[in-house]
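Step one of this worksheet: look at the structure below.
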Amino acid sequence: MLRAGDLVFIWNPKKGDNFLVKIDPGQSLGTHFGQIKHSELLNHEYGEGVYTPNGELYYLLRPTLAGFTRRIKRQTQIVFPKDAGFILQHMNIFPGCTVVECGTGSGSLCCTFAHFVGDTGKVCTYDRREDFSALAKKNAEKWGVAHRIEFNVRDLSEGFKERNADAVFLDVPTPWDFIDKAYEALAPGCHLGVLVPTTNQLSATIEKLQEYGFVDINAVELMLRYFKTDYKRIRPEDMMIGHTGYLVFAVKTLPLPEPPVAAEESDDAGCVCGGASEHGEGE
C-alpha cells in the first residue's frame with residue numbers, strides 16, 4: 001500500500017502525460033484532465049490505475065532512477081541516464097565501493113553512484129559552490145540515498161581528502177588541471193572517469209592522462225534514439241538525445257621500476273675459433 005512520502009510515477013496512457021510526485025496527503029496534482037488528490041493515492045498499490053473527476057485514467061507506477069534523475073530540480077546541466085549507465089559499468093561501480101566525484105552540480109550522477117554503492121558503500125562528492133551542494137543533498141534525500149553521500153564544499157585545488165578510492169569521476173570545466181588530484185585519490189589499477197562537452201577539452205584531458213601514466217584510455221560519445229510504440233506505425237521519435245558530452249575512461253598505474261639491464265656478453269663468449277690452437281700443431 002502506498003504511504004505518505006513515497007515517490008510515484010503517474011502516467012496517462014492516452015497522451016503519455018506523466019508526473020513524478022512525492023505523496024503528501026495535503027496536496028493535489030493538477031493534470032490536463034483534472035486533479036488527483038494525493039490522499040486518494042494512499043488507498044492504492046503500485047501498478048493500479050486511478051481516475052480523475054473527468055474520468056481520465058492514470059496509472060501509478062514505481063519510479064525508476066532514470067526517470068528521477070531526469071526530473072530533479074536543477075541549477076546545472078545534469079549527466080543524462082544514457083551516459084550514467086555507461087559510466088557505472090566502465091568505472092566498475094559495485095556495492096560497498098568508495099566513489100569520489102567532483103563537481104556535485106545538481107546531484108544527478110551523485111544520486112546514481114549512491115544508488116549503486118548501497119548502504120555499505122560511500123560517495124564523497126565535491127563542489128566549490130555551497131548552493132549546488134545544498135540542492136544536490138535535497139535531491140538525494142528525495143531519492144533516499146543522502147545517508148550514503150558525504151557532501152564537501154571545497155575547491156578542488158585543495159585536492160581530495162580520500163586515498164585509495166575505488167573510482168574517481170571529474171565533471172569540471174578544466175579536468176586536465178586536476179588529473180594529479182584524481183591520481184592521488186584513486187587506488188592503483190582503478191578507473192578514472194571524465195566528462196567534457198567539447199573536443200578541445202577532450203584533447204587536453206587525454207594529453208594530461210598520458211603524462212600521469214594512466215593507461216587503457218578510452219573516449220566515447222553516446223547517442224540515444226527512442227521509438228514511437230504504436231504497433232501500427234512504429235518509427236523513431238522526431239527528437240533524439242544527441243550529443244551531451246564526451247566520456248573519457250582511464251586506469252591508474254604505478255610508476256614503472258627501472259628496466260633490468262641485459263648482461264653484457266664478453267667478446268669471446270661462445271666464440272668458436274676455426275684456426276690452430278695457440279700452441280700450434282705438434283706441440
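The values are calculated or read from the model by the stated rules, or taken from the named source; none is laboratory data. Predicted model, so just to flag it, every value in this text is computed and none were measured. Cβ atoms come from the backbone with ideal geometry, glycine included; neighbour counts cover every protein chain shown. Just so you know, the surface numbers come from the protein's heavy atoms only, side chains and all, with ligands and any DNA or RNA stripped out. Shrake-Rupley method; radii C 1.70, N 1.55, O 1.52, S 1.80 Å.
Remark: ILE217 falls outside the filter, which requires a residue to be surrounded by 19 or more Cβ atoms within 10 Å (Cβ to Cβ), closer than 21 Å to PRO255 by Cβ and β-branched (Val, Ile, Thr). Of the residues that make up the stretch 103-116, is at least one in contact with a helix residue (DSSP H, G or I) (Cβ under 9 Å, 6 or more places away or on another chain), open to solvent by 60 Å² or more (accessible area, probe 1.4 Å) and modelled with pLDDT of 95 or more? Yes: one or more hits. Taken over the stretch 84-112, the criterion of being closer than 15 Å to LEU195 by Cα and touching a strand residue (DSSP E or B) at 6+ places or on another chain (Cβ under 6 Å) is satisfied by ILE87, HIS90, MET91, VAL100, GLU101, CYS102, GLY103, THR104, CYS110.
Within the stretch 165-186, the set of residues being charged (D, E, K, R) and assigned to a helix (DSSP H, G or I) comprises ASP177, ASP180, LYS181, GLU184. Within the stretch 1-18, the set of residues being open to solvent by 70 Å² or more (accessible area, probe 1.4 Å) and within 17 Å of THR52 (Cβ to Cβ) comprises TRP11, LYS14, LYS15. Look through LYS208, LYS232 and report the one residue that is basic (Lys, Arg) and either open to solvent by less than 40 Å² (accessible area, probe 1.4 Å) or out of contact with any helix residue (DSSP H, G or I) (no Cβ under 9 Å at 6 or more places or on another chain) (or both). After applying the criteria, what remains is LYS232.
Taken together, the criteria exclude GLU162 from residues that are in contact (Cβ under 8 Å) with a residue 60 or more places away in the chain, open to solvent by less than 60 Å² (accessible area, probe 1.4 Å), closer than 19 Å to LEU65 by Cα and of a type in the set (D, E, K, R).
Among the residues making up the stretch 192-223, those that are under 30 Å from MET240 (Cα atoms) and either aromatic (Phe, Trp, Tyr) or part of a strand (DSSP E or B) (or both) are LEU192, GLY193, VAL194, LEU195, VAL196, ILE217, ASN218, ALA219, VAL220.
Within the stretch 255-266, identify whether any single residue is of a type in the set (Val, Ile, Thr), modelled with pLDDT under 90 and open to solvent by less than 100 Å² (accessible area, probe 1.4 Å), and answer yes or no. Checking the stretch 255-266: not a single residue is of a type in the set (Val, Ile, Thr), modelled with pLDDT under 90 and open to solvent by less than 100 Å² (accessible area, probe 1.4 Å).
Among the residues making up the stretch 51-88, those that are of a type in the set (Val, Ile, Thr) and modelled with pLDDT of 95 or more are THR64, ILE87. Residues in the stretch 148-163 that are under 23 Å from LYS252 (Cβ atoms) and out of contact with any strand residue (DSSP E or B) (no Cβ under 6 Å at 6 or more places or on another chain): ASP155, SER157, GLU158, GLY159, LYS161, ARG163.
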